[in-house]
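Right, one structure below, let's go through it.
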Amino acid sequence: MKKWNLIIDVAKCEDCNNCFLACKDEHVGNDFPGYSTPQARHGPRWINIMRKERGKGSLMEVAYLPVPCMHCDNPPCMKAAKNHAIYKRDDGIVIIDPQKAKGQRGLVDACPYGAIWWNEESGMAQKCTFCAHLLDKGWKEPRCTQVCASGALRAVHAEDAEMGRVIETENLEAYQPQHGTMPRVYYKNLYKYTSCFIAGSVAVDTNGTLECAGGAQVRLMHGLENVGETETDNYGDFKFDGLKEGSGLYAIEITYKNYPDKRIEINLIESVNIDDILL
């Protein structure tokens with residue numbers, strides 16, 4: 001049967017918080033028996049937007065990572081729940097039973113993604129329900145995807161085989177796959193949050209005047225491995241992305257017209273923007 005999935009494109013998220021506000025609008029002060037009790041006005045973020053800066057100066061980037069409940073096929077929270085207080089529906093949505101889960105504060109720690117929140121007022125562990133109460137009434141998508149102005153969030157209702165093709169075609173991946181939870185939230189361009197880059201700007205000295213070295217050939221080496229090659233743009237800028245943080249010693253090799261080749265070594269700990277490289 002068809003199951004619900006959520007696709008999040010990190011490259012498109014602008015931290016507008018429309019999804020967060022729509023979630024609050026839907027659930028604060030509203031009781032949906034069988035699905036959820038009212039969400040607390042302050043504190044819980046059923047879709048939490050994480051932030052990360054990479055690099056520095058003109059080549060610094062900020063990535064935003066919305067993290068809702070992953071609606072896992074192998075949910076650790078369900079294993080931790082007593083009295084079957086958490087269950088997974090046939091359509092893939094994971095629900096915390098608002099009656100059975102009362103007082104089970106340990107459920108908060110059972111989620112490796114930090115997506116379960118404690119409501120002190122009601123004594124309930126709560127999380128994103130994928131707006132199941134609306135979907136069951138015929139809605140085509142949850143509130144968060146409905147209000148996403150940049151198209152960063154997209155709900156997909158599809159059979160597993162079809163979803164598998166979407167994952168492969170769009171190069172989607174899971175966040176923190178080491179947990180083995182088999183999430184139904186998939187990310188596009190996740191490297192913008194989880195990896196780092198090496199970037200720089202190449203210039204030449206022409207009779208005392210600095211000019212951008214557009215079209216310079218740049219190669220990235222990791223030991224004896226050629227990681228990749230690129231060409232500087234019109235401003236002399238280049239970037240190699242998707243590198244693992246703390247992955248050790250790299251070398252940048254630059255070739256440009258009749259200028260002597262240049263090699264720069266970098267011990268990669270986190271994203272780095274090399275100061276102007278003068279040939």
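The values are calculated or read from the model by the stated rules, or taken from the named source; none is laboratory data. If you're wondering where the values come from, they're calculated on a predicted model, not measured in any experiment. All Cβ positions, glycine included, derive from the backbone under ideal geometry; neighbour counts span all protein chains shown. Please note that ligands, DNA and RNA were not included when accessible areas were found on the heavy atoms of the full protein model with its side chains. Shrake-Rupley method; radii C 1.70, N 1.55, O 1.52, S 1.80 Å.
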Hey, could you check segment 188-231 for residues that are exposed (fewer than 12 other Cβ atoms within 10 Å of the Cβ) and β-branched (Val, Ile, Thr) and say which is farthest from SER58 (Cα to Cα)?
THR206
Can you find a residue in segment 60-73 that is assigned to a strand (DSSP E or B), open to solvent by 50 Å² or more (accessible area, probe 1.4 Å) and of a type outside the set (Ser, Thr, Tyr)?
yes
Go through (1) in contact with a Phe, Trp or Tyr (Cβ under 7 Å, 6 or more places away or on another chain); (2) under 16 Å from GLY34 (Cβ atoms) for ALA155 and report which single condition fails.
(2)
Looking at (1) open to solvent by 30 Å² or more (accessible area, probe 1.4 Å); (2) farther than 23 Å from LEU190 by Cα, can you tell me which one ARG165 breaks?
(2)
Looking only at residues that are surrounded by fewer than 16 Cβ atoms within 10 Å (Cβ to Cβ) and either aliphatic (A, V, I, L, M) or without any contact (Cβ under 8 Å) to a residue 60 or more places away in the chain (or both) in segment 103-128, which one is nearest to PRO177 (Cα to Cα)?
ASP109
Exclusive hit being at positive phi and out of contact with any Phe, Trp or Tyr (no Cβ under 8 Å at 6 or more places or on another chain), set GLY215, GLY223
GLY223
Checking the structure you have, find out if any residue of segment 236-250 is open to solvent by less than 70 Å² (accessible area, probe 1.4 Å), in contact with a Lys or Arg (Cβ under 8 Å, 6 or more places away or on another chain) and within 18 Å of ARG54 (Cα to Cα).
yes
